[in-house]
Amino acid sequence: MSTGAFALPPRWVSQAVVYQIFPDRFRRGAGASVDPLGSHRIEPWGSPPSARGFQGGDLHGVIDALDHLQDLGVTCLSLNPIFSSAANHRYHTYDYLQVDPLLGGNSAFDALVSALKRRGMRLVLDGVFNHCGRGFWAFHHLLENGASSPYADWFAVDNWPLNPYPRPSARGAARRAGYHCWWNDAALPKFNHANPAVRDYLLAVGEHWLQRGIDGWRLDVADEVPTDFWVQFRQRVRQTNPEAWIIGEVWGDARPWLQGDQFDGVMNYRFGWSTLGWVADGQLKPGHGRRSMPYGNCDGGSYTQVLQETLGWYRDAVNLAQLNLLDSHDVPRALHMLQGDVKALQLALVLLFCLPGAPCLYYGTEVGLHGGEEPGCREAFPWDGPSGWRADLRAFIASLAALRHAHGALCSGTLQLAVLKGSEGDQGLLLQRQGHGTAIDASITVVINRNRRAPLRLDHPRLRQSLPGEAPWAVVWPAEHRAGPMPQQLAPQSAVVLQRRPAQP
């Protein structure tokens with residue numbers, strides 16, 4: 001385990017509330033043309049999400065939405081790729097030093113950074129350093145010059161001439177493109193990281209955007225890039241900005257990357273998908289499993305086992321720097337997987353904000369977006385208003401963000417878990433976060449009833465055991481219970497957050 005100067009994650013991360021934006025589908029800037037390049041090919045806003053179409057969201061639109069985001073309690077934005085690309089998701093980068101003109105270009109980026117800094121907010125960009133697009137300047141050089149190109153060894157070439165647009169053969173199998181590409185997709189040539197020139201270029205890209213004002217990197221398909229490159233990347237990044245947050249896209253066990261010499265945290269899908277499996281209470285949509293992590297309905301015992309196992313893999317500082325999420329641009333939305341159950345989604349959000357790590361909201365969660373497998377999960381945000389929303393969770397999410405900001409135990413405390421049995425069997429969960437110090441008011445207890453029919457007693461014996469002492473309980477969330485007496489039971493599909501009142505002198 002690394003003990004170097006850059007081994008610890010930045011302190012600000014544990015207190016962050018993150019919001020992930022897929023730029024093309026989030027918002028068009030108020031001053032932007034519907035068709036910025038005059039191509040007459042921009043799709044109408046709200047069109048069914050497609051793999052190839054562009055709907056015209058841009059960085060000016062992100063700026064216009066900052067009041068909305070701050071009202072939710074968001075403190076950090078995480079953007080899907082914004083660099084010049086021929087794809088609406090922009091994972092096919094052809095220029096790493098230019099923001100895509102469809103997003104407003106570098107001037108829009110500078111305006112966004114300035115607006116965020118005025119508000120005390122932070123920005124994380126998506127770094128695609130495993131592969132590029134066919135239009136990337138060095139790969140284009142290969143296509144034009146073949147083996148004579150000075151950049152020929154920037155990529156792993158098997159045979160010449162290259163075939164960047166292979167067609168299906170008579171047997172239906174794709175012809176070989178002649179070079180290594182991501183998941184056999186000829187549109188995505190893989191970099192040859194063994195070439196020092198490639199490393200120097202990518203490291204310079206990482207440094208460049210930190211110098212332009214970003215606060216960290218989310219690293220795409222990080223487990224497919226040589227680990228010694230990430231060691232260099234961390235050194236370069238943290239020398240440029242010692243407070244930069246480095247997040248790897250690793251879906252399963254990430255221990256090899258989280259020893260202090262590579263990433264601060266990863267996208268914590270294990271927390272997210274097991275949470276959905278528990279709050280669904282047997283009604284999780286089937287068919288979305290992934291090899292690297294659990295997916296499916298689970299009882300309290302199996303849910304707490306996944307949480308405790310995952311936490312046990314890493315140091316406490318790493319657990320507080322994980323990017324916790326329920327969904328993203330790569331998977332069906334949480335509300336889709338919960339089969340439209342908004343109350344179950346609310347319980348999942350409670351857990352998202354109360355478990356160790358930085359909570360990350362995928363854009364549109366607050367208005368009930370519910371798209372399925374990609375590109376369905378990349379739908380346009382419906383800015384017309386609540387009449388077209390499946391749910392309005394803005395106030396609910398803002399209350400959870402305020403709870404987290406107000407109670408340090410939710411950002412840095414230890415975690416204890418217990419399953420609560422009710423009249424319907426495996427019904428509830430008790431989650432306790434103990435902050436620094438021994439004072440009783442340094443701890444927060446969350447009680448959740450996932451059952452759709454039966455209430456859960458709040459004088460549960462296991463709950464009394466977890467909060468010893470004579471001081472009375474106080475409800476700190478939700479707001480409707482704060483002024484009144486302690487409720488005797490928890491309604492179906494609801495949660496409460498408790499804190500011991502200090503004894504009166």
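Given the Cα-Cα distance of Ser107 and Arg482 and 0.36 nm per residue of separation, how much length would full extension add, in nm?
Numbers: separation 375, 0.36 × 375 = 135.00 nm, distance 4.66 nm.
The Ser107-Arg482 span can extend by a further 130.3 nm.
Okay, which of segment 135-163 sit inside 18 Å, backbone N to the point 7 Å along the Cα-Cβ direction of Arg212? Only 136-138 pass the distance filter.
Counting only DSSP H runs of at least 4 residues, each contributing -39500 (n - 2.57), and dividing by the residue count of the chain, the helix-based mean residue ellipticity at 222 nm comes to -8000 deg cm²/dmol.
Loop-only GluC sites (Glu not before Pro) in segment 234-337, please: DSSP not H, G, I, E or B, and at most 15 other Cβ atoms within 10 Å. Intermediate results must be reported in sequence, preceding the final value.
Numbers: sites: Glu243, Glu249, Glu309; in loops: Glu243, Glu249.
Those satisfying the criteria are Glu243.
Modelled spin labels at Asp316 and Ala197, positioned 7 Å past Cα toward Cβ, are 4.9 nm from each other. Centroid-to-centroid, using Cα positions, segment 293-366 and segment 170-244 are 27 Å apart.
May I ask you to compute the full-extension gain from Ala147 to Gln339, defined as 0.36 nm times their residue separation minus their alpha-carbon distance, rounded to one decimal in nm? Walk me through the numbers before you get to the answer.
Values: separation 192, 0.36 × 192 = 69.12 nm, distance 5.28 nm.
The span from Ala147 to Gln339 would gain 63.8 nm if fully extended.
Note on Arg333, Arg11: ascending count of other Cβ atoms within 10 Å places them as Arg11, Arg333, the fewest first. Taking 7 Å steps out from each Cα toward its Cβ at Gln489 and Arg291 produces label points 4.8 nm apart. Helix 227-240: angle to the longest alpha-carbon principal axis of the chain, degrees 0 to 90, nearest 10? Value to nearest ten degrees: 80.
Listed peptides 99-105, 219-225 appear in the order 99-105, 219-225 once ranked by packing, highest mean of other Cβ atoms within 10 Å at the front.
Straight-distance candidates among the aspartates and glutamates for linking to Lys343, with alpha-carbon spacing under 19 Å and chain neighbours fewer than 8 residues away dropped: Asp281, Asp299, Asp327, Glu366, Asp392, Glu424, Asp426, Glu480.
None of the figures in this text is laboratory data; all of them are computed from the coordinates on show. Note that this is a predicted model, so its numbers are computed, not measured. We place every Cβ from the backbone using ideal geometry, glycine too, and count neighbours over all the protein chains shown.
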